[in-house]
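Asks: Structure provided below as structure tokens; questions to follow.
The values are calculated or read from the model by the stated rules, or taken from the named source; none is laboratory data. In this text, all values refer to a predicted model and were calculated from it rather than measured experimentally. All Cβ positions, glycine included, derive from the backbone under ideal geometry; neighbour counts span all protein chains shown.
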């Protein structure tokens, strides 16, 4: 309880890679009102892989700033910077920051690995806004985490930009691309918090017959489960509707 007798707010520190994404507001709409989000911004431009590869000192600075603000949980967001480091290196950074600041730390990738395991997924299809070396780094990250990645890349032509599509166009492209991938996929993974697909997750699940994991939904599940508050949230796909516990 706080000094005024009201329940104490949970302070969630979030390191946002850009200042333009709507995903912070999307997450706030899903979380209970007693979870207060404290953002820090890195200001990445997403124009070079070197920017991501050299980003860990910036993340370390932001994590330290959030710890100094008394955050109860700290979430450095951004899949490309950490996945380019690799699964093992990411785990080492998380361990280092937790030991230094005595606060739980979790990344975009670590929440997604936890969600896939909680749903019992062994193989999946992934779609991202990126192709080429970044997509291959994402594939390798999840392979090293123990999953079989049946596909990882853009669901549209490499020269096209997913952010220029409407929600309905993205949905239709993803469904069409997913159905062409051979193998017994157990889930659809979407990398990219800024993809405007939150409103069609249940449409995708109904069309494809598998759970759909989007970063904002996964983030919400992870935070609430970490806090022991895993009450189901309907309307946003199987993960939040089922609220499975962390896998042993």
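Asks: Please pick out the residue among 146, 126 that is modelled with pLDDT of 90 or more, under 29 Å from residue 224 (Cα atoms) and surrounded by fewer than 13 Cβ atoms within 10 Å (Cβ to Cβ).
Replies: Only one candidate qualifies: 146.
Asks: Out of all the residues in the range 28-50, which are without any contact (Cβ under 8 Å) to a residue 12 or more places away in the chain and either touching a strand residue (DSSP E or B) at 6+ places or on another chain (Cβ under 9 Å) or surrounded by 14 or more Cβ atoms within 10 Å (Cβ to Cβ) (or both)?
Replies: Answer for the range 28-50, where residues must be without any contact (Cβ under 8 Å) to a residue 12 or more places away in the chain and either touching a strand residue (DSSP E or B) at 6+ places or on another chain (Cβ under 9 Å) or surrounded by 14 or more Cβ atoms within 10 Å (Cβ to Cβ) (or both): just 28.
Asks: Of everything in the range 185-209, what is farther than 16 Å from residue 26 by Cβ and touching a residue at least 40 places away in the same chain (Cβ under 8 Å)? Give them in sequence order. Before you say what the answer is, go through the steps one by one.
Replies: As a first pass, look at the range 185-209 and keep what is farther than 16 Å from residue 26 by Cβ: 185-189, 203-209.
Residues satisfying the conditions are 185, 186, 187, 188, 189.
Asks: All but one of (1) within 19 Å of the chain's Cα centre (by Cα); (2) in contact (Cβ under 8 Å) with a residue 60 or more places away in the chain hold for residue 87; state the number of the condition that does not hold.
Replies: (2)
Asks: Take residue 120 and tell me if it is surrounded by fewer than 17 Cβ atoms within 10 Å (Cβ to Cβ) and within 19 Å of the chain's Cα centre (by Cα). Write out each step before concluding.
Replies: Numbers: surrounded by fewer than 17 Cβ atoms within 10 Å (Cβ to Cβ): yes; within 19 Å of the chain's Cα centre (by Cα): yes.
When the stated conditions are applied, residue 120 passes them.
Asks: Given the criteria surrounded by fewer than 21 Cβ atoms within 10 Å (Cβ to Cβ) and at negative phi, does residue 104 qualify?
Replies: Considered against the rule, which asks whether it is surrounded by fewer than 21 Cβ atoms within 10 Å (Cβ to Cβ) and at negative phi, residue 104 comes out as yes.
Asks: Would you check if there is a residue in the range 97-119 being assigned to a strand (DSSP E or B) and modelled with pLDDT of 95 or more?
Replies: Step one: filter the range 97-119 for residues assigned to a strand (DSSP E or B), giving 105.
After this cut, where a residue has to be modelled with pLDDT of 95 or more as well, the list is 105.
Yes, the range 97-119 contains a residue that is assigned to a strand (DSSP E or B) and modelled with pLDDT of 95 or more.
Asks: Follow-up question, since we're still on this one. I need a count of the residues in the range 25-65 that are modelled with pLDDT of 90 or more and not in a loop (DSSP other than H, G, I, E, B).
Replies: The qualifying residues number 23.
Asks: For residue 116, state whether it is without any contact (Cβ under 8 Å) to a residue 12 or more places away in the chain, touching a helix residue (DSSP H, G or I) at 6+ places or on another chain (Cβ under 9 Å) and closer than 21 Å to residue 23 by Cα.
Replies: Numbers: without any contact (Cβ under 8 Å) to a residue 12 or more places away in the chain: no; touching a helix residue (DSSP H, G or I) at 6+ places or on another chain (Cβ under 9 Å): yes; closer than 21 Å to residue 23 by Cα: yes.
No: the conditions fail for residue 116.
Asks: Scan 215, 232 and give me the residue that is without any contact (Cβ under 8 Å) to a residue 40 or more places away in the chain, touching a helix residue (DSSP H, G or I) at 6+ places or on another chain (Cβ under 7 Å) and closer than 25 Å to residue 106 by Cβ. Show your work before the answer.
Replies: Details: 215 fails: without any contact (Cβ under 8 Å) to a residue 40 or more places away in the chain.
After applying the criteria, what remains is 232.
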